[in-house]
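Worksheet for the structure shown next.
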Amino acid sequence: MEPLRIGLCGLGTVGRGVVELLDRNRDLITRRAGRELRIVRVASRTARPEVDLGGAEFGTDVAAVVNDPRVDVVVELMGGTDAARRLFDACLGARKHFVTGNKALLAGQGAHLLEQARAVGIAVGFEAAVAGGVPIIKALREGLAGNAVEWIAGIINGTSNFILTAMSRERRSFADALAEAQARGYAEADPTFDVEGIDAAHKLAILSALAFDVRLDASAVFTEGISRVTAEDIEYARALGYRVKHLGIARRSTGGIEMRVHPTLVPESRLIANVDGVMNAVVVHSDAVGSSLYYGAGAGALPSASAVLADLIDLARGNIVTPRLHGGQRVLPMSAVETAYYLRIPAVDQPGVLAKVAQILSFAGISIEAVIQREQAIRKEAGRQWVPVIILTHRVIEAAMDRALAAIQTLPEVVDTVMRIRVEPLDDHA
Ligand code: HSE
């Protein structure tokens, strides 16, 4: 059989990983795909003479890759959305298949791009866009295709997980842990994409569109990052039997599909609560299987290259990799989402404060599960003595908690912004 001829755009970390992995496993890939996968042309802004391209033609112009009549499939690993979109449009025009790891492109414009691709009959593969080497797209589209998914909860940003782990294990500050994540090359070019949850929201939007038939649109994901979480929150959570994880959660709920990314207290006994460092993990709870967990390296040259090659091998075998997205399900607004809460209320240490807070919560119909106020946590600042009051609540809808927090925040005894972290049991019923 004729080889599948690949045009590779981008020779950054992942692009070089694809070249390396294809070379390393050439024979087994050919056997499994039923034909050879051959890179015939490469484009990159920067020449990388140290990379052995195995005879592929090299240039700086990506248009030349699409227009090369030998190329069957274009692999976009350039990053950024504008140039990637232009490359996709060129592929549509030239009827070339498109494989990408570009989560931002898909989360912003994917619904339209996939529709266009299906209309002209080109395939779009994006296994590398979510959780790097963890084959979660295939798990949802293939392995679990006969299941109704009830909820998904994932650690899908390795940088945030690395930072929370460092804060938890070594009691380091957020800024210090972020600096190390950047130095190790985990963070996105703009680290706010990691720490403010934007990257995770992109990935959750992709997973939700596949699992729940919501429109592929990251702007519909409620998004909160980890930059306000403190080492103290992590310690209190631990005292209450929880770990703090930055999760992307999507759930079928009465009234619509929840889609939210935020720091979350997870019971320490859950497997996902123990996924540490830069690793990714996604729990999928579906009707036939119950909970299944997908764990592994969410970024890096070879893990991401593994995902790109999975799509390319599918194409070589003649499998259709472009999903059919319907997008008809309603997204539940965050104000209607029900969850439990951890609250850290910095309050003046005097009689009656806790009673006032409890009264506000009680008026809002919010039941308290646990309270911590530690003598040794008392601070003296600007002539005032205050202390963090930690409250764990039962489940309540977000709108009720918003109203209660607004009232607590106006109490004269509350000296700073109240911290809220949502709590999820992630058990078989949640
Ligand atoms: N910055 C991303 C992360 C890389 O930290 O997970 C992979 O998308």
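Relative contact order for the chain: what is it in percent, counting Cα pairs under 8 Å that are at least 6 residues apart? Walk me through the numbers on the way to the answer.
Numbers: 919 pairs, mean separation 71.7, N = 430.
Rounded, it is 17 percent for the chain.
Give a residue-ordered list of calculated ³J(HN,Hα) values for segment 95-101 (Karplus: 6.51 cos²θ - 1.76 cosθ + 1.60, θ = phi - 60°; whole Hz; x for Gly, Pro).
Each residue's phi maps through the Karplus curve to give 6, 10, 5, 9, 10, 9, x Hz.
Please tell me the relative contact order of segment 293-430 in percent, rounded to the nearest whole number, where contacts are Cα pairs under 8 Å and at least six residues apart. Please report the intermediate quantities before stating the final value.
Details: 169 pairs, mean separation 43.0, N = 138.
For segment 293-430, the relative contact order is 31 percent.
So, in Å, what gap is there between the alpha-carbon centers of segment 328-363 and segment 94-124?
Computed from Cα coordinates, the inter-centre distance equals 42 Å.
Could you tell me the number of lysine pairs in the chain with C-alpha atoms less than 26 Å from each other, where the two lysines are 8 or more residues apart or belong to different chains?
Close lysine pairs found across the chain: 9.
Top mean-square fluctuation among Val134, Val348, Val275, Gaussian network model of the chain, C-alpha springs under 10 Å?
Of Val134, Val348, Val275, the most mobile in the Gaussian network model is Val348.
Taking θ = phi - 60°, what integer Hz values does the Karplus form 6.51 cos²θ - 1.76 cosθ + 1.60 yield along segment 211-217, in sequence order, with x for Gly and Pro?
8, 10, 6, 8, 5, 6, 7
Could you pull the Rg and Dmax for the chain, using just the Cα atoms, both in Å?
Computed over the Cα atoms of the chain, radius of gyration and Dmax are 23.9, 82 Å.
For segment 276-351, build the charge dipole from Cβ charges (+1 Lys, Arg; -1 Asp, Glu) around the Cα centre, then report which of Gln350, Gln329, Ser304 sits farthest towards its positive end.
Result: Gln329.
Over the chain, what percent of the accessible surface lies on carbon and sulfur atoms, probe 1.4 Å?
Solvent-exposed carbon and sulfur of the chain make up 49 percent of the total.
Skipping prolines and chain starts, which residues have an amide H placed within reach, meaning under 5 Å, of the one on Thr322, given they are 5 or more residues away or on another chain?
Hits under the 5 Å cutoff: Val124.
Any chance you could give the angle, 0 to 90 degrees and rounded to 10, that helix 82-94 forms with the longest Cα principal axis of the chain?
Rounded to the nearest ten degrees, it is 40.
Sorted by accessible area (1.4 Å probe), largest first, how do Met419, Met78 line up?
Heavy-atom accessible area, descending, gives Met78, Met419.
With a cut-off of at most 15 other beta carbons within 10 Å, and DSSP calling the residue loop, which trypsin sites (Lys or Arg not before Pro) in segment 101-204 qualify? Please list them. Kindly include the intermediate steps, with their values, before the conclusion.
Working: sites: Lys103, Arg118, Lys138, Arg141, Arg169, Arg171, Arg172, Arg184, Lys203; in loops: Arg171, Arg172, Arg184.
Counting only loop positions with at most 15 other Cβ atoms within 10 Å, the trypsin sites (Lys or Arg not before Pro) in segment 101-204 are Arg171, Arg184.
State the Kirkwood hydrodynamic radius of segment 337-382 in Å, one decimal place, computed from all pairs of distinct Cα atoms.
On the way: mean 1/r = 0.0800 Å⁻¹.
Averaging 1/r across every pair of different Cα atoms and inverting gives 12.5 Å.
Taking amide hydrogens as modeled 1.01 Å from N in the peptide plane, which residues meet the under 5 Å criterion relative to Val75, leaving out close sequence neighbours?
Gly7, Leu8, Cys9, Val99
Out of every Cα-Cα pair in segment 184-333, what percent are more than 26 Å apart?
Values: 3719 of 11175 pairs.
Within segment 184-333, distances greater than 26 Å cover 33 percent of Cα pairs.
For the chain, take the longest principal axis of its alpha carbons; what is the angle in degrees between that and the long axis of helix 158-170, to the nearest 10 within 0 to 90?
40
Give me Rg/Rg_expected for segment 62-149, where Rg uses Cα atoms only and Rg_expected = 2.2 N^0.38 Å with N residues. Let's see the in-between values first.
Details: Rg = 13.5 Å, N = 88, 2.2 N^0.38 = 12.1 Å.
Taking the Cα Rg and dividing by 2.2 N^0.38 Å, one obtains 1.12.
Among Gly121, Trp386, Asn147, which residue has its Cα furthest toward the positive end of the charge dipole of the chain, with +1 on Lys/Arg Cβ and -1 on Asp/Glu Cβ?
Gly121
Over all distinct Cα pairs, what is the inverse of the mean 1/r for segment 259-343, reported as the Kirkwood hydrodynamic radius in Å?
On the way: mean 1/r = 0.0594 Å⁻¹.
Over segment 259-343, the inverse of the mean reciprocal pair distance is 16.8 Å.
Going toward the positive end of the dipole of segment 4-130, with +1 on Lys and Arg Cβ and -1 on Asp and Glu Cβ, which of Leu8, Ala83, Gly34 do you reach last?
Gly34
Just to confirm my numbers, what's the Cα centroid distance between segment 236-307 and segment 202-219 in Å?
16
Please work out the C-alpha center-to-center distance from segment 160-198 to segment 23-93 and express it in whole Å.
When both Cα centres are located, 32 Å separates them.
Considering only Leu28, Leu204, Leu309, give the residue with the highest GNM mean-square fluctuation for the chain, with springs between Cα atoms whenever their separation is below 10 Å.
Highest fluctuation among the options: Leu28.
For the chain, what is the accessible area per residue in Å², given a 1.4 Å probe and the full set of protein chains?
Values: 17920 Å² over 430 residues.
Result: 42 Å² of accessible area for each residue.
From the phi angles alone, apply the Karplus equation (6.51, -1.76, 1.60; θ = phi - 60°) to segment 395-403 and give each ³J(HN,Hα) in whole Hz, x where the residue is Gly or Pro.
6, 7, 6, 4, 4, 5, 5, 4, 5
Can you compute the helix-only [θ] at 222 nm over the chain? Use -39500 (n - 2.57) per DSSP H run of at least 4 residues, normalise by all residues, nearest 500 deg cm²/dmol.
On the way: 13 runs with 148 residues, N = 430.
The helix contribution divided over the chain gives -10500 deg cm²/dmol.
Which value in Å is the Kirkwood Rh of segment 13-100 over different Cα pairs? Don't skip to the answer; put the middle values down first.
Values: mean 1/r = 0.0727 Å⁻¹.
Hydrodynamic radius (Kirkwood, Cα pairs) of segment 13-100 is 13.7 Å.
Work through the residues other than Ala183 whose Cβ is under 15 Å from its Cβ and net out their charges, Lys, Arg +1 and Asp, Glu -1.
Working: positive: Arg172, Arg184; negative: Asp176, Glu180, Glu188, Asp194.
Once positives and negatives cancel, what remains is -2.
Can you list residues from other chains, or at least 5 along the same chain, whose modelled amide H is less than 5 Å from the amide H of Tyr242?
Answer set, sorted by chain and number: Glu268.
Using only the Cα atoms, work out Rg/Rh for segment 142-264, with Rh taken as the Kirkwood radius, to two decimals. Don't skip to the end; give the middle numbers.
Values: Rg = 15.4 Å, Rh = 15.1 Å.
That ratio is 1.02, to two decimals.
The values are calculated or read from the model by the stated rules, or taken from the named source; none is laboratory data. Here the structure is a predicted model, which means the values were calculated and not measured. Using ideal geometry, Cβ is built from the backbone for each residue, glycine included, and neighbour counts are taken over all protein chains shown. With ligands, DNA and RNA removed, areas are computed over all heavy atoms of the protein, side chains included. Shrake-Rupley method; radii C 1.70, N 1.55, O 1.52, S 1.80 Å.
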